[in-house]
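Asks: Have a look at the structure that comes next, please.
The values are calculated or read from the model by the stated rules, or taken from the named source; none is laboratory data. These numbers were taken from a predicted model, which means no experiment stands behind them. When we count neighbours, we look across all protein chains shown, and the Cβ atoms used for this are built from the backbone with ideal geometry, even at glycine.
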Amino acid sequence: MKKIQPRTRGWIMIIGTIAVIGLIFTSCAENAQIAAKSGAQLWAENCQRCHNTPSPAAFSHEQWKTVGLHMQTRAQLTDKERDKIIAFLSQ
């Protein structure tokens with residue numbers, strides 16, 4: 001097996017570090033965009049895309065919490081997204 005030169009190893013480390021930093025910043029920007037969305041936006045994007053959802057008045061706040069916990073796993077929502085959707089539906 002060929003040995004990697006110290007100079008090449010240095011460049012690989014620099015490029016790898018830059019790639020990791022880039023991924024971190026991209027992830028943070030995406031999270032900020034999601035955090036800025038309202039419960040209504042999140043509901044439309046995550047719930048209504050798969051099925052027709054019932055009227056917000058169809059369930060009580062406690063019932064929406066149960067539905068939210070169940071659907072969080074299926075829709076891969078964060079706790080914050082789930083809470084925003086439940087708050088919107090419980091108005």
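Asks: May I ask you to list pairs of residues, at least six apart or on different chains, whose Cβ atoms are under 7 Å apart, with the first in the stretch 15-31 being on the phi > 0 side of the Ramachandran plot and the second being part of a helix (DSSP H, G or I) and modelled with pLDDT of 80 or more?
Replies: So the pair list comes out empty.
Asks: Taking the residues in the stretch 71-90 that are assigned to a helix (DSSP H, G or I) and hydrophobic (A, V, I, L, M, F, W, C) as candidates, determine which candidate is nearest to residue 58 (Cα to Cα).
Replies: Here the residue is 89.
Asks: Which one of these is surrounded by 10 or more Cβ atoms within 10 Å (Cβ to Cβ) and at pLDDT 80 or above: 39, 22?
Replies: Sole residue among the options that is surrounded by 10 or more Cβ atoms within 10 Å (Cβ to Cβ) and at pLDDT 80 or above: 39.
Asks: Could you give me the residue pairs with C-beta distances under 6 Å whose first residue belongs to the stretch 71-90 and is in contact (Cβ under 8 Å) with a residue 12 or more places away in the chain, whose second residue is surrounded by fewer than 17 Cβ atoms within 10 Å (Cβ to Cβ) wherever it lies, and which are 6+ apart or on separate chains?
Replies: Note: pairs meeting the criteria are 86/65; 88/40; 89/56; 90/61.
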